[in-house]
Amino acid sequence: MNKPNDLILPHGGYRKLRSFVVSLAAYDGTVIFCSRFIDKRSRTNDQMVQAARSGVQNIAEGSLASGTSKKTELKLTSVARASLGELIRDYEDYLRQNDLSIWDKNSPRVLAMRGRLSGKIKKPKKPSDRSDKSDLSESLENSEFFDEPLLSALRALKTTSAEVSANILLCLTHQATFLLARQMERLEKDFVEKGGFTERLYSYRKEHRGAGKVKEEETDYKPSDESDLSDWSEGLYQSDLSEF
């Protein structure tokens, strides 16, 4: 297990990051949206899916690189946020070009959606709706990452209209970019306060070189006279070097 003063710090825990999970939901949702509403042969289809994928992959790559380079982690997290920003523009363009509404971020339905996706607003239970409950249980068992609100959003994307689907994905992607912005602030603070791998490597080498020097001084052989040295040398050549 890594310790705070180890040369290689703990890294690769991106699966536990909320930014990664929400970005992954936006990626999966984008695949669903494009398969339903964007011509598969169009360049837009490919660009939207690639932008969503880039957001997810760069978060993961940055997390994996963080053990030796906080600078790389910060850079790749920024790339992830930029890719998702591009995806936001694609959804806004789709809605505008198809004469569909971009829901206002402060409208009641968007506020409710944001609260729902963040887990702050719980969905009312419907005991009579057994089919939904069964489907949800099956989805949760088969999902490695998503909680109930994200699973519900992904299910809705399979049946809702283009306008509703695009606005759901806008909400998801905005949440992902918000989380990544906060993540970048924390990474910047950590880098300033704790330094990067180069500083840690210098301190690590200095510490271990110092320890080695002390050990060498303590164990340095100092023969008391020439006869002792002669005996030691003779024994060395006769025994230790005979194997070579």
Check your understanding: Looking only at residues in the stretch 63-89 that are at pLDDT 90 or above and of a type in the set (V, I, T), which one is nearest to L187 (Cα to Cα)?
Key -> T77
Revision key, fill the gap. Per the list (1) under 24 Å from L74 (Cα atoms); (2) at pLDDT 95 or above; (3) basic (K, R), residue check on R15 breaks on (2)
Check your understanding: Checking Q47 against (1) polar (S, T, N, Q); (2) touching a helix residue (DSSP H, G or I) at 6+ places or on another chain (Cβ under 8 Å); (3) farther than 22 Å from I168 by Cα, which single condition isn't satisfied?
Key -> (3)
Review point. For the stretch 19-50, how many residues meet the condition of being over 24 Å from T159 (Cβ atoms), free of Cβ contacts under 8 Å to residues at least 40 places away in the same chain and within 18 Å of the chain's Cα centre (by Cα)?
Key: 1
Study note, to complete from the structure: Considering residues that are surrounded by fewer than 20 Cβ atoms within 10 Å (Cβ to Cβ) and either part of a helix (DSSP H, G or I) or of a type in the set (G, A, S) (or both), the number found within the stretch 27-48 is 12
**Study point:** Which numbered condition D90 misses (of (1) crowded, with 16+ Cβ neighbours inside 10 Å; (2) free of Cβ contacts under 8 Å to residues at least 40 places away in the same chain)
**Key:** (2)
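The values are calculated or read from the model by the stated rules, or taken from the named source; none is laboratory data. The structure presented is a predicted model; accordingly, all values stated were derived computationally and were not measured. Every residue, glycine as well, gets a Cβ built from its backbone with ideal geometry; the counts of neighbours run over all protein chains shown.
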